[in-house]
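**Q** The structure under discussion is supplied below as structure tokens; questions concerning it will follow.
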Amino acid sequence: MKEHKITGLSCGHCALKLEEQIQQLPGGERAKVQFNSSKIVLDENMDMDSVRSILSSENVRFESDGEPKGPNWLMIGLYVSVASFIAALITEHMLNITYVSIVFYAVATIASGYSTFLKGLRNLTKLKFDINTLMTVALVGAVAIGEWKEAALVAILFGINELLESYGMEKARRSMESLLKVAPKEALLLRDGKTEVISIEELEVDDVVLVKTGQKIPSDGVVVYGKSSVNEAAITGESLPVEKEDGETVFGGSINNEGVLHVRITKTYNQSALSKILALVQEAQESKTPTELFINRFANYYTPIIMVVSALVMLVPPLLLNEPWGEWFYQGLAVLIVGCPCALILSSPIAILSGITVNARNGILIKGGAYLEQLGKINVIAFDKTGTLTLGEPHVVAEKSFHPDFYKVAYAIEKSSSHPLAKAVVAKCREVGAEVVEADEMTTVSGQGITAVIDHKTYRLGNERIIGSTLASEDVKSVIDSFKEEGNTIVLVASDTEILGVFAIADEIRKESPDIISLLHEKGIKETVMLTGDHPLVADKVAKKTGVSSFFGGLLPEDKVEKVRSLKKHGKVAMIGDGINDAPALATADLGIAMGKGTDSAIETADIVLMQDHLGKLPDAVQVSRKVNTIIKWNIGLSLGLKLLALLLTIPGWLTLWIAILSDMGATILVTLISLTILLHNRK
């Protein structure tokens, strides 16, 4: 399948119809017309001329066809129509020349309505009913009963409506496209002391590139020479620069603020964090929310129903109530125009696209409109503790040895582990100069710790569960209890017969965590819950300092899953973790949120990724998503409300063609403008 950029696509309902037609072509079964991003995805073996023919029926073409940008015929037609309409009014009311005014009205109608009329005729021959069909029937009907002025006014207002609809969608698209342009295009490859300009697609792992002041780093890598501050806003949304020097990692798309950097590429561009982010953002544009899917299904039935209602309005009063045929035929034509589904279809996509764009600018990667919509409905957030509410960099604050082999055994078991607690233990063992020995037959016990064989003897390292039946003396229990009372995490080292010693490990609470929890409650989150495998005393200490509503400590991974399931009984639940260890709980929650900092695993695991290494942007994301949901509800209410109000005018016979088109036009303008206000959301 190949993706093509198209231009001229301004109607969501039209995009659906185009997709249906293209899917009928040989090899077109999987074709997709993507309205939000104005793209079309086609099988490479399809007959492109046939596709072009279908697209041209809606004045849509391939951007790659290379045609020079011609005049805006819609705008020119509107100018001619308005001028002709004014001339018609002058000749009719000031000069009293009726026949000349009819000619001017006809010119105004044709100039604005000819393309709609041609599309509508084609649809009628295929028994397809959309806005063009409705407008064609209305225009023909108005002319047939001599309402030339009404026909011209309807054509003009419908043309203005199409223009504004197109502008609104293009505004949202351009905002998204500007976001996607952060990717660098070229790289300065260093080879044999010389530089060579190459495309970023040509970069290979272990290539060394030169990045000058103000240039973008071409792909993920490691600094091998130089020192500079780097702007990582394209990845994390953070505006403050980050200092980089030898040995530190950098992300593709970030900008070198000063000096010169030599960067060894560790990932090809297609595998870089930026590439994956941009790909996911583009996919997110086209993912349909439940609301959008419902509206699209509703629109398929709505238009034919309106045509039936219009026929009833035309026929029932004259046949059953002996009312004038001409008057109710006119009312029926007005009902047809009220039936236009454009505003209803636009009620969601512009708002969703704007919401995804705003969040992406803030370094919040939302993988689809459905997840954005879901975030706005969340009322319970569950947090993993380590690395989320805390810094995730624990260190040993106290230890007590009951046996000479305590440090030696601990070092042997933990030295090859990358777990944060293991790193803290290893750092302490190195500090005290622990003897280096090798451990064999190491086995991880889920939620407890590790068992290993050292010098033909089995040892255990982990929390209190790991010691099993090994008895602890009163002195040992007293030490453990005192460490726990201080809110520390306990790591025990034991043999089958005795406890060798205990480490007290603490993790520093993030300074922003209390404020973030408070802000989330202000934004409408009813309950914040901390889930952790640490001892309840440790959890209690962190919970009190951060201000979460409740906490559960001593949880195994499967226990976290059960707690999330239990929380889901009381509301919509989001789970926030690191995207690896908390994967089961993330998958169980209504919404999985990972703290990413650009890591592959986080990007791939969760529904939403916070590309920073903190929760600072989370309240803002919640606010944006709630605003999007509120705006969509308002848009649906406005579009349906204005139509209902116009339809009620048929009861006393007050509905006119121009009132009908104004109700639809007004709804479209309001829906578009209200949705675009999301792009004005203040970035923090």
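The values are calculated or read from the model by the stated rules, or taken from the named source; none is laboratory data. If you're wondering where the values come from, they're calculated on a predicted model, not measured in any experiment. With ideal geometry, Cβ positions are generated from the backbone for all residues, glycine too; neighbour counts draw on all protein chains shown. Calculation scope for accessible area: heavy atoms of the full protein, side chains included, ligands and nucleic acids excluded. Shrake-Rupley method; radii C 1.70, N 1.55, O 1.52, S 1.80 Å.
**Q** Stretch GLU485-LYS523 to full length: gain in nm at 0.36 nm per residue minus the Cα-Cα span?
**A** 10.3 nm
**Q** Distance check, please: which entries in LYS367/LYS511; LYS181/LYS523; LYS227/LYS267 exceed 27 angstrom between their Cα atoms?
**A** Distance filter (> 27 Å) returns LYS367/LYS511; LYS181/LYS523.
**Q** Compute, for region 364-484, the length of the dipole vector about the Cα centre, with Cβ point charges of +1 (Lys, Arg) and -1 (Asp, Glu) only. Units Debye, rounded to 20.
**A** For region 364-484, the charge dipole is close to 400 debye.
**Q** Treating the angle as unsigned and between 0 and 90°, give the value, to the nearest 10°, between the Cα long axis of helix 420-431 and the longest Cα principal axis of the chain.
**A** Between the helix axis and the principal axis of the chain, the angle is about 30 degrees.
**Q** Please report, in whole Å³, the volume per residue of the convex hull around the C-alpha atoms of region 259-379.
**A** 167
**Q** What do you get for the angle between helix 474-485 and the principal long axis of the chain? Use alpha-carbon atoms, 0 to 90 degrees, nearest ten.
**A** Taking the Cα atoms of the chain, the angle to 474-485 is about 30 degrees.
**Q** Under a point spin-label approximation (7 Å from Cα along Cα-to-Cβ), what is the ASP455-SER473 distance to one decimal in nm?
**A** A separation of 2.0 nm, rounded to one decimal place.
**Q** So between LEU240 and ASP496, what do we pick up on full extension, going 0.36 nm a residue minus the alpha carbon distance?
**A** 86.9 nm
**Q** Tell me, what HN-Hα J-couplings in whole Hz come from the Karplus equation 6.51 cos²θ - 1.76 cosθ + 1.60 at θ = phi - 60° for each residue of region 42-50, using x for Gly and Pro?
**A** 10, 5, 5, 9, 6, 6, 5, 5, 5
**Q** Roughly to the nearest percent, how much of the accessible area of the chain is carbon and sulfur, given a 1.4 Å probe?
**A** Taking all protein chains in place, the chain shows 57 percent carbon and sulfur surface.
**Q** Follow-up. Which of the aspartates and glutamates could a cross-linker span from LYS149 if the Cα-Cα distance has to be under 15 Å and same-chain partners fewer than 8 positions apart are dropped?
**A** Qualifying aspartates and glutamates at Cα under 15 Å: GLU92.
**Q** Follow-up question, since we're still on this one. Show the residues, 5+ positions off or on another chain, whose built amide H is closer than 5 Å to the amide H of PHE551.
**A** Answer set, sorted by chain and number: MET530.
**Q** Then there is this: Identify the residues of region 357-385 with backbone N under 11 Å of a label point that sits 7 angstrom from the Cα of LEU293 along the Cα-to-Cβ direction, or state none.
**A** Once the point is set 7 Å along Cα→Cβ of LEU293, 370 turn out to lie under 11 Å by backbone N, inside region 357-385.
**Q** Among all the aspartates and glutamates, which ones have a C-alpha under 17 Å from LYS569's C-alpha, if same-chain residues fewer than 8 places away are not counted?
**A** GLU527, ASP559, ASP590
**Q** Quick one: helix 536-546 against the long Cα principal axis of the chain, what's the angle to the nearest 10°, folded into 0 to 90?
**A** For 536-546 against the chain, the angle is about 50 degrees.
**Q** Return the tail of the calculated pair distribution for the chain, meaning the percent of Cα-Cα pairs more than 46 Å apart.
**A** Result for the distance tail: 38 percent.
**Q** Using Cα-only point scatterers and the Debye equation, what is log10 of I(q)/I(0) for region 505-580 at each q in 0.16 Å⁻¹, rounded to two decimals?
**A** The computed values of log10 I(q)/I(0) come out as -0.61.
**Q** Going down the table (LYS5/LYS572; LYS572/LYS617; LYS415/LYS541; LYS545/LYS617; LYS484/LYS572; LYS32/LYS119), which pairs top 27 Å between alpha carbons?
**A** The answer is LYS5/LYS572; LYS415/LYS541; LYS484/LYS572.
**Q** At what distance in nm do the modelled label points of GLU283 and LEU644 sit from each other, each positioned 7 Å from its Cα along Cα→Cβ?
**A** About 3.9 nm, to one decimal.
**Q** Within 10 Å, count the other beta carbons around each residue, average over each peptide in 425-435, 614-624, and list them highest first.
**A** 614-624, 425-435
**Q** Express the accessible area of the chain per residue in Å², computed with a 1.4 Å probe while the remaining protein chains stay in the model.
**A** 45
**Q** Sort 330-343, 507-520, 388-401 by the packing proxy (mean of other Cβ within 10 Å over each peptide's residues), most packed first.
**A** Order by mean packing, descending: 330-343, 388-401, 507-520.
**Q** May I pose another question? Can you tell me how much longer the chain between MET48 and ILE86 gets when fully stretched, taken as 0.36 nm per residue apart minus their C-alpha distance, in nm with one decimal?
**A** Contour length minus the Cα-Cα distance gives 9.3 nm.
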